[in-house]
Amino acid sequence: YGIKYIELTGNQYSRDLRIKKSGHRDIPDGTDRILGHELAGEIVEVGGKVKDIEPGMRVAVAPVIGCGKCTVCLSGDANMCKNCRILGMGIDGAFAEYMIIPRKHIENGNVMSIPPSISFETGALLEPLATVLPAPKHAI
């Protein structure tokens, strides 16, 4: 159940470089982890129970998935969830030719269709854009 493979364009930003150099709390020492949390690509294959996503679709993927049950998640701030998992940190990410998108990312709407007019490189930038848009809400 889930997207089995997605052909990717990942962006390597300072956070991924910092993680590679210094580590991250979600990556235990000695763990081989594929980094890359800002991604867009084309769906290559899907699992049998996947609906609304099909091979050939161009998508951007939001990397953070919360538990979906706590008040933080229910308020729309899954990135603040104590139990959130992030592609490229707690789960293998996009610095690969293909990757598996976890089922929970699909069920929670983290896989979004993008039109051909948006390049994969621009689609991968949707994640950093989404992180700054709520800033005014938290500024007070």
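Below are the figures for this structure:
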| read-out | value |
| --- | --- |
| Region 121-136 residues that are outside any helix (DSSP H, G or I), paired with ones that are of a type outside the set (Val, Ile, Thr) (beta carbon under 9 Å, 6 or more apart) | Leu125/Asn11; Leu125/Glu38; Leu125/Ala40; Leu125/Ala60; Pro134/Gly76; Pro134/Asp77 |
| Candidate set from region 1-21 (those that are assigned to a loop (DSSP other than H, G, I, E, B) and either among the acidic types (Asp, Glu) or open to solvent by 30 Å² or more (accessible area, probe 1.4 Å) (or both)); member that is modelled with the lowest pLDDT | Tyr1 |
| Number of the condition not met by Pro116 [criteria: (1) open to solvent by 50 Å² or more (accessible area, probe 1.4 Å); (2) farther than 26 Å from Arg18 by Cα; (3) part of a helix (DSSP H, G or I)] | (3) |
| Qualifying positions in region 121-130 - open to solvent by less than 80 Å² (accessible area, probe 1.4 Å) and under 14 Å from the mean Cα position of the chain (by Cα) | Gly123, Ala124, Leu125, Leu126, Glu127, Pro128, Ala130 |
| Meets criteria (closer than 19 Å to Glu45 by Cβ and aliphatic (A, V, I, L, M)) for Ile118 | no |
| Considering residues of region 95-113 that are part of a loop (DSSP other than H, G, I, E, B) and either touching a residue at least 60 places away in the same chain (Cβ under 8 Å) or aliphatic (A, V, I, L, M) (or both) only, the residue surrounded by the fewest Cβ atoms within 10 Å (Cβ to Cβ) | Glu97 |
| So Gly76, is it out of contact with any Leu (no Cβ under 7 Å at 6 or more places or on another chain), part of a loop (DSSP other than H, G, I, E, B), closer than 18 Å to Asn108 by Cα and small (Gly, Ala, Ser) | yes |
| Per-region count, region 80-94, residues open to solvent by 70 Å² or more (accessible area, probe 1.4 Å) and touching a strand residue (DSSP E or B) at 6+ places or on another chain (Cβ under 9 Å) | 1 |
| All positions within region 22-79 that are free of Cβ contacts under 8 Å to residues at least 12 places away in the same chain, surrounded by 15 or more Cβ atoms within 10 Å (Cβ to Cβ) and β-branched (Val, Ile, Thr) | Val72 |
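The values are calculated or read from the model by the stated rules, or taken from the named source; none is laboratory data. Just so it is clear, the structure is predicted and the values come from calculations on it, not from any experiment. All Cβ positions, glycine included, derive from the backbone under ideal geometry; neighbour counts span all protein chains shown. Side chains are part of the model used for accessible areas, which takes the heavy atoms of the whole protein and leaves out ligands, DNA and RNA. Shrake-Rupley method; radii C 1.70, N 1.55, O 1.52, S 1.80 Å.
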